[in-house]
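In what follows, a single structure is set out as structure tokens and then discussed.
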Amino acid sequence: MASIGNKMLSAFYEDSRFYDNNLRVITFVRWPYDADTACSVEKMAEAGFVSLATESAPTAARCFFCCKELDSWHPDDDPRKEDTSHSLSCAFNNLTKDFSQLQVQEFLLLELERARFHIKRVERMLLKRFDEDAESGRRQMSRFIR
Ligand SMILES: [Zn+2]
């Protein structure tokens, strides 16, 4: 359990660097869509996305704030609309003023929201692991009951 907690904590701190838009932009090394498309690198980064591209999923991306992962982007997809349609409560995409204009208290409230998303992400991982372990135990026990 401690290792998941440590991983969660380090992922939370590592992701905080992505408040810097330039660091989000440079994650999109092999993004397939041009600057004049609705989901250009710049627009993806402005909406909080970082690239998770792999060879089999070249358009995989995750919102650094709400942790929502989306794949199969099309050139006419609007990154902000996509993020809010899949994660209604993403406070980063619901900001009513520029991030650089936030006061300390507003930033701390934002960080609290980001922590909430990370905790939910870990909760989903733990529940999935629990279900897998329970299923494995069920299968092992069924060998003895015939
Ligand atoms: Zn988001």
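Computed values, structure above
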item	result
Tally, over segment 71-101, of residues that are of a type in the set (Lys, Arg) and touching a residue at least 60 places away in the same chain (Cβ under 8 Å)	0
Some residue of segment 102-111 being charged (D, E, K, R), surrounded by 10 or more Cβ atoms within 10 Å (Cβ to Cβ), without any contact (Cβ under 8 Å) to a residue 12 or more places away in the chain and over 19 Å from Ser10 (Cβ atoms)	yes
Any hit, segment 122-131, residues being over 30 Å from Pro32 (Cα atoms) and within 16 Å of the ligand (Cβ to nearest atom)	yes
Matching residues in segment 19-51 - criterion: being aromatic (Phe, Trp, Tyr) and within 21 Å of Glu113 (Cα to Cα)	Tyr19, Phe49
Filter pass, Asp131 being loosely packed, with under 11 Cβ neighbours inside 10 Å and either within 24 Å of Leu9 (Cα to Cα) or in contact with a Pro (Cβ under 9 Å, 6 or more places away or on another chain) (or both)	yes
Filter result for the condition that a residue is surrounded by fewer than 12 Cβ atoms within 10 Å (Cβ to Cβ) and under 23 Å from Leu9 (Cα atoms), over Glu123, Glu69	Glu123
Wholly within segment 12-108, helices (runs of 4 or more DSSP H) carrying at least 2 residues that are touching a Cys at 6+ places or on another chain (Cβ under 8 Å) and within 12 Å of the ligand (Cβ to nearest atom)	79-86
Residue tally, condition among the small types (Gly, Ala, Ser) and exposed (fewer than 12 other Cβ atoms within 10 Å of the Cβ), over segment 22-51	1
Contacts under 6 angstrom Cβ, first residue in segment 6-26 being more than 17 Å from Ala60 (Cβ to Cβ), partner surrounded by fewer than 18 Cβ atoms within 10 Å (Cβ to Cβ) and of a type in the set (D, E, K, R), 6 or more apart	Leu23/Arg17
Unique residue being among the aromatic types (Phe, Trp, Tyr) and in contact with an Asp or Glu (Cβ under 8 Å, 6 or more places away or on another chain) when the list is Phe28, Phe64	Phe64
Check on Thr54, at pLDDT below 95 and either over 26 Å from Ala115 (Cβ atoms) or surrounded by fewer than 18 Cβ atoms within 10 Å (Cβ to Cβ) (or both)	yes
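The values are calculated or read from the model by the stated rules, or taken from the named source; none is laboratory data. Just so it is clear, the model here is predicted, and its values are computed rather than measured. FYI the Cβ positions are ideal-geometry reconstructions off the backbone, even for glycines, and counts take in every protein chain you see.
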